[in-house]
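Take a look at the structure set out below.
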Amino acid sequence: MFLPMPFEIRLAWREIRPAFKKFLFMIIAIALGVGSVTGIKGFSVALDRAMARSARDLIAADIAVRMNSSPTDKEMQVLDSLVRRGAQVTRTTETLSMASVSGGQRTILVTVKAVDPNLYPYYGKVELEPDAVFCDALTDDSVVASREFLIRSGAGVGSSVQIGFARFRLAAVLKSEPDRISSGVELGPRVLIARKGLERSGLIQYGSRATESFLFRLPARGLELETARGILKAGLQGRVRISDYRDPNPALSQGLERMANFLSLVGLLALLVGGLGVGTTIHTYVQQKLDSIAILKSLGGRSSQIIRIYLFQGLFIGVLGSALGVALGYVVQIVFPPLLRGLMDLPTQLEPAPGAAVQGLLIGIVTTLLFLLPPLLAIRKVRPARVFLREMPETHYSTLRRLRHDRTPLICAVILLLGIGILASWVADSWRRGALFIAGLAVAILALAAGAKLLLRALRHVPRPNSLALRHGLKNLNRPGNHMASVLVALGIGVAFSLTVYLVQTSLLPQIIKNAPADYPNVFLLGITELDRDAVWGFLRGQPGIENAGKPIPMVPARLQKIEGRNADQLNLEPSDRRFFNGEFMLTWSSDLPPGTRLTAGRWWTPPYEGPLVSVGDFAARRLKIGVGNSLEFLSGEKVIRGKVASIRETDFERPGTNNQFVFSPGVLEGLPASYVGSLRVARPHVVPLQSALFARFPNVTSLDVGQILGKVQELLDKIAHVIRFVAFFAILSGVIILASSIVATRYQRTREAVLLKTLGATRSQVARIQAAEFLIVGLAAGVIGCLLASAAADYLLGHLLDTKFSFQWIPVIVGTLCTAALAIATGWLASRGVLNHKPLEILREN
Amino acid sequence: MIIEVHNLTKTLTSGSHRVEILRGIDLTVQKREVIAIEGPSGSGKSTLLALLAGFDSPTTGSIRLEGEEITDMDEDELALLRGRKLGFVFQSYNLIPTLTAEENVMLPIELRGDSSPALERARELLNAVGLRERFSHYPAQLSGGEQQRVALARAFAGSPAILLADEPTGNLDSVTGKTVLDLLLGLNRKEGTTLVLVTHDAALSRLADRIIRLRDGKIVDELVPGASAANVSSDAF
């Protein structure tokens, strides 16, 4: 038995039935937005769950400690204390090195990870190809390496590979290692080596940069996770990263969460573009329904009843669009992870996340209702007298006077902004980010709306074009119910966002390279021992293509102990700054101000040096709140190093360099063991031969080719941009749907115009050209506005946030504008299909 | 008295321009009476009808329907009043294009909230106006005469005490117009409704109990068809 439906719902449904096509576009617009939000949120939730499920595998242990230098004796005692309480431990070391294959021409940079194959991994499995037991494959004389290593070095399974001073047999291809997710992004392909092999290679020497991890397996009883964590935390004083199976990689989880939140906001942007579309289309729809509303009022319908009728229609759009969006979200969830490949290694099994679906559903419905508010409230103003006196003159007031008389539009705007702000905060999991999103969006919309209005006004004053099609196309932009400004904003937002991402992606590195002076170092040498120092520079002098060999820069690893006599606990630092304090610093000394730097405070020293002085990079000075005159205390090995801050230096971050934060005056670090780095300028064709020759002579020296590293960074940037563009695509698609929706909403008018033109003797192709001209102008206008906004945004991002310069790029702007125009014409043509097919009599008879 | 109008004026302002549309109308209508309002274009006929329906508020004056003053009612009170007491027939039919004939007729009853007898009543009235075969047709699928017959059925659906009709045959040819008129008067007699007609059509006026002539917003003449002209208010002459 059916329950009788309330009258308003029945009438709403009766109205939806014949106008379903108009509704369909709004439903799709909402679905696209909800789909992108749900998909990305769902992906992030599913990933969290998958990580929690295989958490032990993801760190290959119960609890893991990761540090950027070798532990001190005291720290070793803390680590050993867990072993004494029954835990098992295994150590892994990751570092950069050069490697070459015998018979191969190329020497390549690799990431070496040394493990004990008999213990590692405690959980999960190292997968090899051909399939083999890990501890059988990896011996003291063999290595396993990723497929990328084989491709880049030309090696095959069984090849002989030189790493450092030692040679190894390549035993198998490394398909996956369980705790790979903990390592982050790396500069070279991965090679796994046994710990004994690492010793043999001679890679780790005093001052070498390596990441050490200690993986613990806790005993079945006697040592709880919490207790173990407590011991490590207290003993290692925050200098290390401790992760356990409950949160296998806090930095990664946070990073993922931040990324998911950012991308969800981009998704929300798509949803808001959709919402805007729903608002304007419903507005047009209500405008076309004014007569029906007046009739309903004349028959005794109250405003509240009629608002409810249209509210139900809006809810229908919201609920159906959001439900479709949730389904689309699952598709996004499937498509999304492959896009991230190369950015991060993801667990393979992801399952749907119902929480994100509910969130998406609610956000979709609320967004629809928010944008429905203004057109719904406008229903109150429809006068029933319209049925009699459509042309009755009314008293006209200025906008300001109207606003003073009726505050509804103002209240609507406030509710809309607040509502979107709350949704954005919910999606971004932060009030601050929600507010920033709203502020950014408001600026973008205002800029776009102002641009659109100005453009439309300017087009009205364009001299009459000779072409009939263009003339009519221009006039049609201002057709009632067309909402051209909204269409331009909707399309423009999508274009602006996508192009901004593109401009930043393609400008950032080229700009950095362009700004670098011609003689800037392009090869860096790391891990040069005191013993090798003179031999290396002697060797370099004899090499062809070296334009500037630079000077050896000494490096003394040390830890900051105190600033003005106060340790990290007493300094009241933010958690991230505290971690920075506790990290290992490379101290150096210099008599001259290092190149590419300038002083922002204090003075550079001149001989004779008054006591131990230190110059601090402004990055460290800002984070650690260090000022000129402060006293600093470091510990290198067992030796205490003190210095008084003589100056603060600003380092040019665009230039790749060693960028030591703490430079001492000559003599202070004397007597301390140091390693050296070199920065050379080498003619491009000589870089690879030099790397090979250097490796043949000094296998423990790692040489970094800046060009190659920048290529790697660009690759990473491209992947990030690719992911953002994937989500931004939804915003463009929403814009297109809104254009289509606006065309469908004015379809009847368009059909009438087409018929009238035909009656007056226009051919079918003339009418088609007039319509194409209109869409062309819309596309060009949206493209121009979007591209200009994108250029302004890229200029701001690169200039202010990323500290480089942006030079206006004509080609992407022209291509972007033309693509938008093509998209608009295609959409317009599809949405107005059939308009030209009506016989004049059919339409004229209706009147 | 079912309708009492006293000193009704309506002035519109557009910028600095003022237009006096009605200039002091006094009018009373008896229950079941049929009144025809005549006058040239711009004389204020439709405005008077709109004010009687509560579609707009007068500048000054009073309107009482069945003793109830409507000029101080708010929008919702007026809507409820229309639902209870008034029916309308318009020159341009004013059917809702997205609803079928049957659904259009059901509207006044449904808007009042008593939906159960709506369908039967709608079908009974559509039968009465000869549209038995057209229940499920949309307005665009009906001829002008058929649309006006649906509008007639809708006007009577809520059993209003007063029916206001604005040029009900104005858009129809003479044969169709005659059919619609016969139906209108037939239903009026059957339902016992008071009828206020605005018309240009002399044939239609002659069927009324009383003719009110308007010019420049004033009543200039009041006649009883068939009788010799009995000037009630002739201050314009």
Inset, instruction - Identify all residues within segment B:55-87 that are charged (D, E, K, R) and either over 18 Å from B:Lys10 (Cβ atoms) or within 12 Å of chain A (Cβ to nearest Cβ) (or both); write none if there are none. - result: B:Asp56, B:Glu66, B:Glu68, B:Asp74, B:Glu75, B:Asp76, B:Glu77, B:Arg82, B:Arg84, B:Lys85
Legend entry - Candidate set from segment A:680-723 (those that are loosely packed, with under 15 Cβ neighbours inside 10 Å and of a type in the set (Gly, Ala, Ser)); member that is farthest from A:Glu148 (Cα to Cα): A:Ala683
Inset, instruction - Spot the failing condition for A:Gln766; the list is (1) touching a strand residue (DSSP E or B) at 6+ places or on another chain (Cβ under 7 Å); (2) over 30 Å from A:Ser97 (Cβ atoms), and only one is missed. - result: (1)
Inset, instruction - Could you tell me which numbered condition A:Ile28 fails, if it satisfies all but one of (1) touching a Leu at 6+ places or on another chain (Cβ under 9 Å); (2) over 30 Å from A:His686 (Cβ atoms); (3) not in a helix (DSSP H, G or I)? - result: (3)
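Within segment A:552-561, is even one residue surrounded by fewer than 14 Cβ atoms within 10 Å (Cβ to Cβ) and either at pLDDT 80 or above or under 31 Å from the mean Cα position of the chain (by Cα) (or both)?
no
Do we find that A:Val677 is open to solvent by 30 Å² or more (accessible area, probe 1.4 Å), of a type outside the set (S, T, N, Q) and under 40 Å from the mean Cα position of the chain (by Cα) in this structure? Break it down stepwise before answering.
On the way: open to solvent by 30 Å² or more (accessible area, probe 1.4 Å): no; of a type outside the set (S, T, N, Q): yes; under 40 Å from the mean Cα position of the chain (by Cα): yes.
No.
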Legend entry - In segment B:43-54, the residues that are facing chain A (nearest Cβ under 9 Å) and over 24 Å from B:Ala157 (Cα atoms): B:Thr47
Inset, instruction - Considering every residue within segment A:754-762, establish whether at least one is open to solvent by 40 Å² or more (accessible area, probe 1.4 Å), within 26 Å of A:Arg471 (Cβ to Cβ) and not in a helix (DSSP H, G or I). - result: yes
Inset, instruction - Kindly indicate whether any position in segment B:132-141 is under 22 Å from A:Arg10 (Cβ atoms) and of a type in the set (Ser, Thr, Tyr). - result: yes
Inset, instruction - For residues that are within 15 Å of A:Leu296 (Cα to Cα), assigned to a loop (DSSP other than H, G, I, E, B) and either open to solvent by 20 Å² or more (accessible area, probe 1.4 Å) or away from chain A (no Cβ under 14 Å) (or both), tally how many sit in segment B:96-131. - result: 2
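Go through the residues of segment A:528-546 one by one and say whether even a single one is within 28 Å of A:Gly637 (Cβ to Cβ), assigned to a strand (DSSP E or B), outside the structural domain of A:Val677 (by TED's automatic domain parsing) and touching a residue at least 24 places away in the same chain (Cβ under 8 Å).
yes
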Inset, instruction - Please go through segment A:587-600 and pick out each residue that is in a strand (DSSP E or B) and more than 11 Å from A:Phe664 (Cα to Cα). - result: A:Thr597, A:Arg598, A:Leu599, A:Thr600
Legend entry - Count of segment A:510-542 residues which are surrounded by 13 or more Cβ atoms within 10 Å (Cβ to Cβ), of a type outside the set (Gly, Ala, Ser) and at pLDDT 70 or above: 17
Inset, instruction - Of the numbered conditions (1) assigned to a helix (DSSP H, G or I); (2) assigned by TED's automatic domain parsing to the domain that holds A:Asp80, A:Leu223 fails exactly one; give the number of that condition. - result: (1)
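Filtering segment A:687-698 down to residues that are within 36 Å of the chain's Cα centre (by Cα) and modelled with pLDDT of 85 or more, which residue is farthest from A:Ile546 (Cα to Cα)?
Once the filter is applied, the top-ranked residue is A:Gln691.
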Inset, instruction - Run down A:Val645, A:Val668, A:Val616, A:Val628 and say which single residue is at pLDDT 85 or above, surrounded by 16 or more Cβ atoms within 10 Å (Cβ to Cβ) and in a loop (DSSP other than H, G, I, E, B). - result: A:Val628
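When the residues of segment A:414-468 are narrowed to those that are of a type in the set (D, E, K, R) and farther than 21 Å from A:Met484 by Cβ, which ends up most open to solvent (accessible area, probe 1.4 Å)?
A:Arg432
Here's the yes/no breakdown for (1) open to solvent by less than 20 Å² (accessible area, probe 1.4 Å); (2) within 30 Å of A:Val319 (Cα to Cα); (3) without any contact (Cβ under 8 Å) to a residue 60 or more places away in the chain; (4) hydrophobic (A, V, I, L, M, F, W, C):
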{"site": "A:Phe25", "(1), (2), (3), (4)": "no, yes, no, yes"}
{"site": "A:Ala29", "(1), (2), (3), (4)": "yes, yes, no, yes"}
{"site": "A:Ala46", "(1), (2), (3), (4)": "yes, yes, no, yes"}
{"site": "A:Ile63", "(1), (2), (3), (4)": "yes, no, no, yes"}
{"site": "A:Leu82", "(1), (2), (3), (4)": "yes, no, no, yes"}
{"site": "A:Thr90", "(1), (2), (3), (4)": "yes, no, no, no"}
{"site": "A:Val115", "(1), (2), (3), (4)": "yes, no, no, yes"}
{"site": "A:Tyr123", "(1), (2), (3), (4)": "no, no, no, no"}
{"site": "A:Val126", "(1), (2), (3), (4)": "yes, no, no, yes"}
Legend entry - Residue that is nearest to A:Glu129 (Cα to Cα) [pool: residues in segment A:172-205 that are open to solvent by 20 Å² or more (accessible area, probe 1.4 Å) and modelled with pLDDT of 85 or more]: A:Lys175
Legend entry - Unique match (being more than 21 Å from B:Ala53 (Cβ to Cβ), open to solvent by 60 Å² or more (accessible area, probe 1.4 Å) and within 14 Å of chain A (Cβ to nearest Cβ)) among B:Ser159, B:Ser174, B:Ser136: B:Ser136
Inset, instruction - Please enumerate the residues belonging to segment B:50-78 that are open to solvent by less than 20 Å² (accessible area, probe 1.4 Å), of a type in the set (Val, Ile, Thr) and in contact (Cβ under 8 Å) with a residue 40 or more places away in the chain. - result: B:Ile63
Inset, instruction - For A:Thr368, indicate whether it is open to solvent by 30 Å² or more (accessible area, probe 1.4 Å) and either closer than 26 Å to A:Thr284 by Cβ or modelled with pLDDT of 80 or more (or both). - result: no
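Let's see how each residue does on (1) outside any loop (DSSP other than H, G, I, E, B); (2) surrounded by fewer than 14 Cβ atoms within 10 Å (Cβ to Cβ); (3) on the phi < 0 side of the Ramachandran plot; (4) within 14 Å of another protein chain (Cβ to nearest Cβ):
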| site | (1), (2), (3), (4) |
| --- | --- |
| B:Glu4 | yes, no, yes, no |
| B:Asn7 | yes, yes, no, no |
| B:Thr11 | yes, no, yes, yes |
| B:Ile21 | yes, no, yes, yes |
| B:Gly24 | yes, no, no, no |
| B:Thr28 | yes, yes, yes, no |
| B:Ala36 | yes, no, yes, no |
| B:Ser41 | no, yes, yes, yes |
Inset, instruction - Considering only residues that are within 11 Å of chain A (Cβ to nearest Cβ) and closer than 13 Å to B:Gln91 by Cβ, look in segment B:139-154 and name the one that is least open to solvent (accessible area, probe 1.4 Å). - result: B:Ala151
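The values are calculated or read from the model by the stated rules, or taken from the named source; none is laboratory data. No experiment lies behind these values; they were computed from the predicted model shown. For neighbour counting, all protein chains shown are included, and Cβ atoms are generated from backbone atoms with ideal geometry for every residue, glycine included. Keep in mind that these areas ignore ligands, DNA and RNA; they rest on the heavy atoms of the full protein, side chains included. Shrake-Rupley method; radii C 1.70, N 1.55, O 1.52, S 1.80 Å.
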